[in-house]
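Contents: one structure, followed by commentary.
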Amino acid sequence: MTQALDAQQITTILAYDNSQRANYFLKEVVANNTIWILKDEHGCVMLNTEEEDCVPVWPNEEFAQAWATDEWAQCAPEAISLNKWFSRWTYGLADDDLAVVVFPSVDQEGLVFDSQELEVELKNSQKKSAKGQR
């Protein structure tokens, strides 16, 4: 389990651009072996772009919880292990023609990946992380 982020860390990370947030997401998800989504009794939160329906994902519980306001106030963060993500979510999202928006900003901006692209990025980050720990 990782340490909770303090207010200064959260403020700094939220100021990152889309690419920086995506890189932070990959690093944190691999380090913690967990992806965070927002869920309610109907399922996970969805965002829409002009071209795609997307499931937003976050690297830490704090960032997912920060989205649980307004129309998503009834939602709660849910942790998904990377193993579960790889074995169920990657293919389930692909089957449902859903994309993934990685660590969206408060303005609902973020990099969009198809689920298989995201899996490749996460597995590449795992390999880099494993090499760095040797």
Per the Kirkwood formula on distinct C-alpha pairs, the Rh of the chain is how many angstrom? 15.1
Put a dot 7 Å past each Cα toward the Cβ at residue 11 and residue 66; how far apart are the dots in nm? 1.2
If the label point sits 7 Å along Cα→Cβ of residue 107, residues of region 32-59 with amide N under 18 Å come out as 48-50
For region 77-102 and region 17-72, write down the distance between their C-alpha centroids in whole Å. 11
Once both label points are put 7 Å beyond Cα along the C-beta direction, the residue 41-residue 78 separation in nm becomes 1.4
Which lysines, on any chain, are close to residue 84 with Cα under 17 Å apart, when same-chain ones fewer than 8 places away are left out? 39, 123
What percent does the relative contact order of the chain come to when contacts are Cα pairs within less than 8 Å and at least six residues apart? 27
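Any read-out appearing in this document is the output of simple, stated calculations on the displayed coordinates, not a laboratory observation. Bear in mind the structure is a predicted one, so any value in this text is a computation, not a measurement. Cβ coordinates were reconstructed from backbone atoms using ideal geometry, including for glycine residues, and neighbour counts include every protein chain displayed.
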